[in-house]
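First comes the structure, then the notes that go with it.
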Amino acid sequence: MTTPQDPDRGQQQPYTPAPPPLSDAELHGTGTAGPALPVPKEVRISFWIWIAGAVLSAVGGLLVFTQRDALAEVLRDVPQYQSLSPDEFDALLRANMIITAVVGVVLAALYVLFAFKARAGRNWARIVLAVLTALGLLSTLLVGASISGLLTSLISVVAVVLLYLPNSKAYFESVKHAA
């Protein structure tokens, strides 16, 4: 390896390699990125509550098929449906049951997906779970819900609160800064 010459003295200077590139943390002034904190107990408990909520949501959605007569009675009381023929009413009833089951299963899948992402420290997943909980609670209060829907809403509130406790907040921050 040759060394550059000092133009003022004609002497050779020792070779010094270029410094390594700065990390994102150093470039943006956030300090050096350290390892993320371990998953706190609150986040682990919240994760399992979300899994239980997903099971309740899926089961609740599928249980609608066992409540055909009760649902038919409720729908018969709606003035717009009283003029339907028996075949039209039966089609409405089947569609209502299928939509309810699909929504329950889709919500269950979303709960599981976002629970895994939240456990991995993704703050956006924590926010999405809070929004889903707020919408579910609002729906429960305005429209009413089955026992499984009410229970899912209540345990979702507990799971969200756990995700926003101080230990959880510190965990989400540490994952953000470690990335």
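The values are calculated or read from the model by the stated rules, or taken from the named source; none is laboratory data. No experiment lies behind these values; they were computed from the predicted model shown. Glycine also receives a Cβ, built like all others from the backbone with ideal geometry; neighbour counts cover every protein chain displayed. Accessible surface areas use protein heavy atoms only, side chains included; no ligands, DNA or RNA. Shrake-Rupley method; radii C 1.70, N 1.55, O 1.52, S 1.80 Å.
Taking Cβ atoms as reference points and 14 Å as the exclusive limit, the residues near ASN96 contribute a net charge of -2, counting Lys and Arg as +1 and Asp and Glu as -1. A 1.4 Å probe run over the protein chains yields, for segment 74-179, 60 Å² of accessible area per residue, whole-number rounding. Binning the C-alpha pair distances of segment 84-179 at 5 Å intervals from 0 yields a P(r) profile of 2, 12, 18, 19, 14, 11, 8, 6, 4, 2, 2, 1, 0 %, listed from the shortest bin outward.
FRET efficiency for ARG76 and VAL131, Cβ-Cβ distance as r, R0 = 35 Å, nearest 0.05? Numbers along the way, then the final one.
Working: r = 35 Å, r/R0 = 1.00.
Calculated value: 0.50.
3J(HN,Hα) along segment 152-164: 4, 5, 5, 6, 5, 4, 4, 5, 5, 4, 4, 6, 10 Hz, from the Karplus curve 6.51 cos²θ - 1.76 cosθ + 1.60 with θ = phi - 60°, whole Hz, x for Gly and Pro. Could you please report the charge total around LEU129, scoring K, R as +1 and D, E as -1 over all other residues with beta-carbon less than 14 angstrom from its beta-carbon? My count for the surroundings of LEU129 gives +3.
Judged by the mean number of other Cβ atoms found within 10 Å, the most tightly packed of the peptides 92-100, 55-63, 40-48 leads the ranking 55-63, 40-48, 92-100.
Its residues counted as N, segment 90-129 yields a C-alpha radius of gyration over 2.2 N^0.38 Å of 1.63.
The alpha carbon convex hull volume per residue for segment 43-124 rounds to 98 Å³. Each peptide in 75-88, 119-132 was scored by the mean count of other Cβ atoms within 10 Å over its residues; highest first, the order is 119-132, 75-88. In order along segment 95-105, phi translates into HN-Hα couplings of 4, 4, 5, 5, 4, 4, 5, 5, 4, x, 6 Hz, rounded to whole numbers, per the Karplus curve 6.51 cos²θ - 1.76 cosθ + 1.60 with θ = phi - 60° and x for Gly and Pro.
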